[in-house]
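Here the structure is laid out as structure tokens; the discussion comes afterwards.
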Amino acid sequence: MIIPDYIKAMDAKDRLAQKKDEFVSDSSLVYMDGNSLGPLSKHTQKHVSKVLRQQWGEDLIQSWNKHAWIDLPNKVGEKIAPIIGAAPNQVICCDSVSVNLFKVLSSALQLVPKRSIILSMQGNFPTDLYIAQGMSNFLGKERCNLKTVSEENLLSELDDSIAVLMLTQVDFRSGKLLDMDLISKRAKQLGVIVIWDLSHSAGALVLELDKCEVDFAVGCGYKYFNGGPGAPAFIYVNSAIQHRVEQVLSGWMGHKAPFQFDPNYQAASGISKYLSGTPNILSLAALDAALDVFAGVDMHHIRAKSISLSELFLQLIDDADGLSILTCVSPRVASDRGSQLSFSHPDSFALCQAMIAAGVTVDFRAPDIIRFGFTPMYQSFADMWVAVQTLESIVSAEVHTDPIFQAKQKVT
Ligand SMILES: *Cc1c(COP(=O)(O)O)cnc(C)c1O
């Protein structure tokens, strides 16, 4: 495919262009799904095979000390901390986002014993709502009562009757970005505890958790952090509140001395009490290595390139006559969205399948959305051109109407 000169010039000026070489993927593939599963870096591939061969294979159980497996949840947490604007001793890496939400919700409710409402948004990622529903069923509505509102009503519903405000910073469908600073500070004034889910922002946006005075946050290891399928998630707990809260999934790894086998739980001090069971060493090792791609990278550069990629993409879609059938459901102003653009179309599912078959990986989100993720570490401006040209030729030749592109599998 011939790439126009002005797009080649954008790539020539791109200071992150070399980063692409750090990944394993086939360079002809245009990958726009890094917001769902980030790709494998060469360093991760090497490191994990070394962990398998040498650490597990040869050193076996000695590795807990010899290769400091026991410290990996904290070590990886400290690698994530600067990327999300957190000073040391506030981030730990373990379990899934869902499990970690349960942990931080249980802590948050303790800080506001006279209130019971968890306020969230109707369009929040389902697992976040499910965890709050589970907590509510367990504790009873007098202690934990989930209320969901539309985005327009969020600030007007936020008052001093609310216990916890639980939000996802970037909406997984539309990419709409919430103002973390404004909302967190408003919550603080009202005595409301805030929990941010950073699954669609960590590793893509400039985050300043400490500056925004966030109480708790959780986020994903396998999306923009490229930690691999099912990579462990992270938890942030502001150091100002760590000593005031307990964590109900009080497993032995969160005990202050796990190897004393004390029959009574005594929480570790600080962020370590957010551990529950034995860490997933292989997955943690993969995430540990994957995060090295971020070393020395300024998140402002990542965000700036993400915006440039998405602005070019949107312009190319707007300019393509045949693509006026797609309705943009993301904010058109770049500063109001995360690192994705979403479009609705009745045949979205088939369009996605046809795109994937043509070498452009994108994803479908029910009921009718095609989602394009922007990941400055390994995408080029030329990729944007290829993606839009591919989509345009599929639509004009009606390739997606072939029944092979209609078949749905378990994961869509
Ligand atoms: C991806 C994602 C999750 C994933 O949760 P897991 O428990 O790790 O599977 C949770 N919340 C949001 C907002 C997400 O985007």
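The values are calculated or read from the model by the stated rules, or taken from the named source; none is laboratory data. All figures in this text were calculated on a predicted structure; none of them were measured in a lab. Backbone-built Cβ (ideal geometry, glycine too); neighbour counts: all protein chains shown. To get the accessible areas, we keep the full protein, side chains included, count just its heavy atoms, and leave off ligands, DNA and RNA. Shrake-Rupley method; radii C 1.70, N 1.55, O 1.52, S 1.80 Å.
Restricted to the range 115-147, and to residues there that are in a helix (DSSP H, G or I) and more than 11 Å from the ligand (Cβ to nearest atom), the residue that is most open to solvent (accessible area, probe 1.4 Å) is Phe138.
Cβ-Cβ contacts under 8 Å between residues 6 or more apart (or on different chains), taken from a first residue in the range 318-329 that is acidic (Asp, Glu) to a second residue that is open to solvent by 40 Å² or more (accessible area, probe 1.4 Å), are absent.
The C-beta contact set for the range 26-51 (first residue under 18 Å from Ile281 (Cβ atoms), second residue within 16 Å of the ligand (Cβ to nearest atom) and of a type in the set (Lys, Arg), distance under 9 angstrom, 6+ apart or interchain) is empty.
Residue count for the range 248-271 satisfying the condition of being part of a loop (DSSP other than H, G, I, E, B), open to solvent by 50 Å² or more (accessible area, probe 1.4 Å) and without any contact (Cβ under 8 Å) to a residue 24 or more places away in the chain: 7. All of Val194, Val245 fail the test of being more than 14 Å from the ligand (Cβ to nearest atom), over 22 Å from the mean Cα position of the chain (by Cα) and surrounded by 17 or more Cβ atoms within 10 Å (Cβ to Cβ), apart from Val245. Screening Gly77 against (1) surrounded by 12 or more Cβ atoms within 10 Å (Cβ to Cβ); (2) not in a helix (DSSP H, G or I) leaves a single unmet condition, (2). Collect the residues in the range 148-179 that are open to solvent by 40 Å² or more (accessible area, probe 1.4 Å) and either touching a Pro at 6+ places or on another chain (Cβ under 8 Å) or assigned to a loop (DSSP other than H, G, I, E, B) (or both), keeping them in residue-number order. Once the filter is applied, which keeps residues that are open to solvent by 40 Å² or more (accessible area, probe 1.4 Å) and either touching a Pro at 6+ places or on another chain (Cβ under 8 Å) or assigned to a loop (DSSP other than H, G, I, E, B) (or both), the range 148-179 yields Asp159, Asp160, Ser161, Arg173, Lys176, Asp179. When we screen Val91, Val24, Val112, Val30 for residues that are modelled with pLDDT of 95 or more, away from the ligand (no atom under 15 Å from the Cβ) and in contact with a Leu (Cβ under 8 Å, 6 or more places away or on another chain), the only hit is Val24. When only residues in the range 56-74 that are free of Cβ contacts under 8 Å to residues at least 40 places away in the same chain and within 12 Å of Asp288 (Cβ to Cβ) count, which is surrounded by the most Cβ atoms within 10 Å (Cβ to Cβ)? So the residue we want is His67. Of all residue pairs spaced 6 or more apart or on separate chains, those with beta-carbon atoms under 8 Å, a first member in the range 384-412 that is closer than 28 Å to Ser339 by Cα and a second member that is open to solvent by 60 Å² or more (accessible area, probe 1.4 Å) and acidic (Asp, Glu) are His400/Asp347. When the range 288-317 is filtered for residues that are without any contact (Cβ under 8 Å) to a residue 40 or more places away in the chain and acidic (Asp, Glu), the ones remaining, listed by number, are Asp298, Glu311. Scan the range 84-103 for residues that are in contact with a helix residue (DSSP H, G or I) (Cβ under 8 Å, 6 or more places away or on another chain), open to solvent by less than 10 Å² (accessible area, probe 1.4 Å) and part of a helix (DSSP H, G or I) and the total you get is 3. Of all residues in the range 353-404, those satisfying the criterion of being part of a helix (DSSP H, G or I) and more than 28 Å from the chain's Cα centre (by Cα) are Gln389, Glu392, Ser393, Ile394, Val395, Ser396, Ala397, Val399, His400, Thr401, Pro403, Ile404. If you go through the range 321-351 and pick out every residue that is surrounded by fewer than 16 Cβ atoms within 10 Å (Cβ to Cβ) and of a type in the set (Asp, Glu), you end up with 2.
The number of residues in the range 197-215 being open to solvent by less than 20 Å² (accessible area, probe 1.4 Å) and more than 14 Å from the ligand (Cβ to nearest atom) comes to 5. Looking only at the range 152-179, residues that are within 14 Å of the ligand (Cβ to nearest atom) and not aromatic (Phe, Trp, Tyr) come to 12 in all.
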